[in-house]
1. Let me spell out the model: positive unit charges on the Cβ of Lys and Arg, negative unit charges on the Cβ of Asp and Glu, origin at the Cα centre of region A:28-119. What dipole size does that give, in debye rounded to 20?
2. Looking at A:LEU246, A:VAL260, A:THR231, which one has the Cα that reaches farthest to the positive end of the dipole of region A:208-280 (charges on Cβ: Lys, Arg +1; Asp, Glu -1)?
3. Let me know the mean shielding of A:119-131 by other chains, meaning the per-residue number of their Cβ atoms within 10 Å of its Cβ.
4. Set the Förster radius R0 to 56 Å, insert the Cβ-Cβ distance between A:THR228 and B:ASP75 as r into 1/(1 + (r/R0)^6), and round the FRET efficiency to 0.05.
5. Which loop trypsin sites (Lys or Arg not before Pro) in region A:131-199, with loop taken from DSSP, have no more than 13 other Cβ atoms within 10 angstrom of their Cβ?
6. So how do B:276-286, B:173-183 stack up, highest first, on mean other-Cβ count within 10 Å?
7. Below 13 angstrom from the Cβ of B:GLU174, what's the summed charge of the other residues (Lys, Arg +1; Asp, Glu -1)?
8. What accessible area, summed over both chains, is buried at the A-B interface (1.4 Å probe, Å², nearest 100)?
Amino acid sequence: MSRISTFGHNLYEGRVSFDFIGRRKLFYAISAAIVVVAALAFMVRGFNYGVEFKGGVEFTAKVAVADVQSSDAMIQAVEDAGVPDAGDPTVQTSGNDTIRIQTRALTQDEATQVTDSLKKAGATEVSQNLIGPTYGKQVATKALTGLIVFLLIVVVFIWAYFREWRMSVAGIVALIHDLVITAGVYALSGFEVTPATVTGLLTILGFSLYDTVVVFDKVRENTKGILTSTTRTYAEQANLALNQTLVRSINTSITALLPVAALLFAGVFILGTGPLKDLALALFVGMLAGAYSSIFIATPLASQLKEREPAIKAQAARVMARRAKEAREGETPVPAGAPAPARTVRPSAAAKRAQPSRKPRSQRGKGGS
Amino acid sequence: MAKSPQRSSSLPRPKRTLTLFLVVLLALYALVALINLGTDKGEDSAWQPRLGLDLEGGTRISLQAKATEGDVTKDKLDQARNIIDQRVNATGVTEAEVTTQGNDQVIIEIPGERKAGIVDEVGKTAQLRFRLLWAGNLPSATKPLAAKDAAAQQKIIDGIDWSKLTLDQMIQAELQGVQTLPKAYQAGIAALQKEAAGFVCNPEGVDVDDVAGKPLVTCDTSNGEVQILSPTVIPGSDIKSAEPQYDAQRAEWSVRIELKGEGKSAFKTVTTALTPGQNRFAIVLDGETITAPASQAPINNGVSQITGGFNADSAKALSNQLKFGALPLTFAVNGSEEIGPSLAGTQLDAGLVAGVIGLLLVIVYCLFYYRGLGLVIIGSLAVASALTYVMVLLLGKGVGFTLTLPGIAGLIVAIGITADSFIVFFERIRDEVRDGKSLRLAVEAGWVRARGTILAADAVSIIAAITLFIFAIGVVRGFAFALGLTTLIDVFVVFFFTKPLVSLLARTKFFGQGHKLSGLDASHLGITGRKVTEIARTQPNKAEKVSR
């Protein structure tokens, strides 16, 4: 336990450091691979749309014990109802005593006929849900409108809050990354896409950006006055921010995922089917992806975009020059054994090496020293 | 447990803030108790959250409005909602709730009983028609016609082609009696008279098949007058406008209607023929006569007034009905959902189980990681839950917020987001201590920095919730509302509960001196060589930040 907190302290001080920014190509590659797989899965397999998108009737029947036998009895009951359109229904058990039966679109009278037939076959209580084929589409279309408006507002918000359009871009890229991955998981797992899934996807938007904003806030803090500093580059400061917020990111992800995991658990094991499960899977995958992308995609990308700025480039060059000079003069601040000369030629000092050990903040003096 | 040995005036006053917070919380609960006292025994207790249909059971029908002409406007939709509300509640269903949603949806929710048959009834468009009154002032029968006889009469009526009748023939039938109609129609007239003799005028509403091109037997439910009416002479789509108006001289409310197109000329013909005299025409809405006025003067410009015993409300209601009947809004049934109460209960139970498990897991994790500070998180989550619960109750009473399954999911998800605010804050405190501040200073300095982050991050959540609420429909909305509500509560709790509580705790011996189990001890924070109460000795520049 205290090892975790010492670890946290070391991360904060920069004694232990993971080079997120320097290895960004690796992370981009990993993400690109996952995104490609997800997109392929989506294109090849497509979504397993729920009855809300296809239109139809969903019956929920309460039986003594929901098992294969009672499911078969229910299917037989639907066949026996004398409604030709209701043939070949989809049947799932839900919980211990509930069976869900989905058929194609029926009229009210036909649906009532099926209900009566189900009751004859031993169902004690039957609910029916007539769904127009456009309902799911409407939910999705409206949600899409909301999504676009939300993205526009958030781009402006992040830009206004951080005074940095690059962070807006990076945040949105990370968000799209999360959405594509979640969509891919749905295509691969064959979980049903229902309005509840759409809700889950939309929540990911909020959460993914929420997480990104927390990390960006630290990046901004660390890189304030970076132009006058000769000891640290932008990339290094951004990387430090990532490391400093790493413990928070881990803790937050865990606390956010725990309730969602409980929701997923209740949805899958207690109910079996239904909106809880649809919602929880989207949230679970999306939040995982969101926590990953804030660290491995959003911040490296924002940093990369920022490094292209001439002023930042020049500042990085000054830092490099100074370090090279120090190295030549033998004043290496790096502990013995570190491959000191290697970094002099790198454009980004956040390359694959240990971070230089630093003096405590209080002794570093203000920027410009 | 808050013991403050010495108090610095420069520090905020956490005790006062905490007290205020608790007073507000108690006041909210007192408000619910007050509301509960005011409710009748028969009504639901104010302590019960309003549950959505997916949790309580019942029928939900969602209707999609389509405009055959022009756009679906907010006005048109609101009028449609009112009419549908009247219809649903006229069928004897209690507490049916009819709401508009988005730009073009009407949602009907009928709790408790299952009433799927209602779908067909409310899905119909309100149809307003002008007909001539061939026979009126007939008494309501005490016993309805046997189903077999009624069907036989209807068959005779349906077998006749009424569309060949001209307007003049229909007018003549009213003025000089139905026997003036051509022979081919006499059998139909006899059938109509038999139907009328066995017509029961139910004040709750009449059940007739109103077909524009055929004559109709119906009644005026306000006075029980049974009538035989001609085929439609002016369809409702010819009404241009209908407004309630007040005649100050006569101290009387009336409804002014304006017709357009063919209806205008037909109205002129009808009123000219009927004036003067006791002869009337009938305005029929969905098969029920809403008024049967006499014509007092020929009307050329298509503008007329319907008078007779209106008050402000009924005049407005009638003009709304007229306008609505005239509006080209049709509805398609988008979905109809029936949920049994016990099935709904399963969903609620599963949702609650998930919530409790989720909360417990978060608590265990926080205690494991933050030890003593974990108690602060638990306390904060507890008051956040208490606040959420009371807000759900109050919003249920105030703005009709109902708790749905996606809404509960939203609340569960919010546990994580709420806990994150505390994590951001605590990690900041630790950072400040590591930077060399004493614990008590670190709490204040860490708060200043954490505050910005928490607000920015919560702002994103709020933006998401608001945008979704505005643009989304159905389940997504309930979720968005719950998310927005809990995010606001999160901000409120962090500012007015967690922060003052931590400030206060930092003054206690257990936390302030960094007891081993407090989560704030030196080794837990990873600092060495000093106590958490001390400011780092190697700190000549105070706590200056590189970034400042």
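The values are calculated or read from the model by the stated rules, or taken from the named source; none is laboratory data. All values reported here derive from a predicted model rather than from experimental measurement. As a convention, Cβ positions derive from the backbone with ideal geometry for all residues, glycine included, and neighbour counts pool all protein chains shown. Note: accessible area is taken over every heavy atom of the protein model, side chains too, but ligands, DNA and RNA are not part of it. Shrake-Rupley method; radii C 1.70, N 1.55, O 1.52, S 1.80 Å.
1. Details: 6 positive and 12 negative charges, 100 e Å.
Its charge dipole is roughly 480 debye.
2. Working it through, the farthest residue towards the positive pole turns out to be A:THR231.
3. Values: counts 0, 0, 0, 0, 0, 2, 5, 4, 13, 8, 8, 9, 6.
The mean count of partner-chain Cβ atoms within 10 Å per residue comes to 4.
4. Numbers: r = 61 Å, r/R0 = 1.09.
That pair, A:THR228 with B:ASP75, gives E of 0.35.
5. A:ARG163
6. In descending order of packing, they fall as B:276-286, B:173-183.
7. Around B:GLU174, the charge tally is +1.
8. Buried area between the two chains comes out at roughly 7000 Å².
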